[in-house]
């Protein structure tokens, strides 16, 4: 929402205008949303006590939760208490709400999340499983269940949970995206691309899906058809300031021979994602590719490729062997051993 954008940008003046506008709207949902945004402003200004007081005033612990703004307020109360080191207080507060509304699914989701945060993975898993059984058409409890399983390194069980839920959920895209990520991590690149293609075919307007599909095509396929398709999908990313999107757009431009177009995007991506080995590899390769025009870029290329290799220790991806070979071919530099 507009309020979220202002809050993320820490623009308290514009965020406050949103609050003022919401308060002027003669609608119950708008009026209940106003204090939630106001509390987020106070939290962002480190006025934690004021934020907590405002949120708790909105929620009547003896009354049922009536709308999404109430749930968002409860979630913010819990987050505020947890940030202040009051995990026990957060659990006690939520228990009080559940005592009055034990069947409220939103509160049960928050309860499961608190169990996970407290390290009670078994309890969290049981609660998410119960919610998944109660709401088989919803992907949300399965997504959180998968997160709990992955946090414990139980990848095969996470994949099985996704497969079991996919025929049942009304909106499978979030689970399919997790499935694609697991396939990519397992080195099953073509299978990951196929899943992304399925999600993209269902909704080509989703920019994250578009970015991921274009990135996979450009990173792992060398044929002209794949690169052309990647470029077509990624056209919407031109001008982006999001580091991951900039990396995708820049790498596709590099792969298609337009290094001058690629470099500003890849620099932006590398600055925003300094610990991503593949992003550093992309920048290093583009810099090395531009050295015939500007030999002074050799040191920058060396730095980026060296960082890519350092960050990729243990990886068997061929890109990092290519990074080492390119580094070795740079003037007056011997590549470190992989």
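Distance between the C-alpha centers of the range 7-29 and the range 163-189? Whole Å please. Using only Cα atoms to place each centre, the spacing works out to 37 Å. Note on the range 213-233 and the range 279-338: Cα centroid distance 22 Å, given to the nearest whole angstrom. Annotation for residue 204 and residue 241: the two label points, set 7 Å from Cα along the Cα-Cβ direction, are 2.9 nm apart.
Given the -39500 (n - 2.57) contribution per DSSP H run of 4+ residues, what per-residue ellipticity at 222 nm results for the chain, rounded to the nearest 500 deg cm²/dmol?
Values: 19 runs with 246 residues, N = 338.
The helix-only estimate for the chain comes to -23000 deg cm²/dmol at 222 nm.
Which of [x] 37; [y] 32; [z] 42 is the computed percent of Cα pairs over 38 Å apart for the structure on display? From the options [x] 37; [y] 32; [z] 42, the structure gives [y]. Measure nothing but the geometry: give the 0 to 90° angle between the long axis through the Cα atoms of 105-117 and the longest principal axis through the Cα atoms of the chain, rounded to 10°. It is inclined by approximately 60 degrees.
Rounded, prolate or oblate: which fits the range 1-52 when a ≥ b ≥ c are the square roots of the eigenvalues of the alpha-carbon gyration tensor, with rounded for a/c under 1.5 and prolate only if a/b beats b/c? Judged from the Cα gyration tensor, the range 1-52 comes out oblate (a/c at least 1.5, b/c at or above a/b).
By definition, a body whose alpha carbon gyration tensor gives a ≥ b ≥ c is prolate when a/c is 1.5 or more and a/b is larger than b/c, and the range 68-212 fits this prolate description.
For the range 149-193, just say rounded, prolate or oblate: build the C-alpha gyration tensor, square-root its eigenvalues into a ≥ b ≥ c, call rounded for a/c under 1.5, and beyond that prolate if a/b exceeds b/c, oblate if not. Don't skip to the end; give the middle numbers.
Values: a/c = 2.20, a/b = 1.15, b/c = 1.91.
Taking the square roots of the gyration eigenvalues as a ≥ b ≥ c, the range 149-193 is oblate.
Taking other Cβ atoms within 10 Å as a rough exposure proxy, 281, 121 sort from fewest to most as 121, 281.
Ranked by how many other Cβ atoms sit within 10 Å of their own Cβ, fewest first, the residues 6, 220, 128 fall in the order 220, 6, 128.
Cut-off is 10 Å between beta-carbons; in what order do 135, 320 appear when sorted fewest neighbours first? Don't skip to the end; give the middle numbers.
On the way: 135 16, 320 21.
Going from least to most buried by this count: 135, 320.
Please determine, in degrees from 0 to 90 and to the nearest 10, the orientation of helix 243-255 with respect to the longest principal axis defined by the Cα atoms of the chain, where the helix direction is its Cα long axis. Compared with the principal axis, the helix lies near 20 degrees.
A short reminder: the numbers here are calculations on the coordinates, not readings from a lab. If you're wondering where the values come from, they're calculated on a predicted model, not measured in any experiment. Ideal geometry is used to build each Cβ from the backbone, glycine not excepted, and the neighbour counts take in all protein chains shown.
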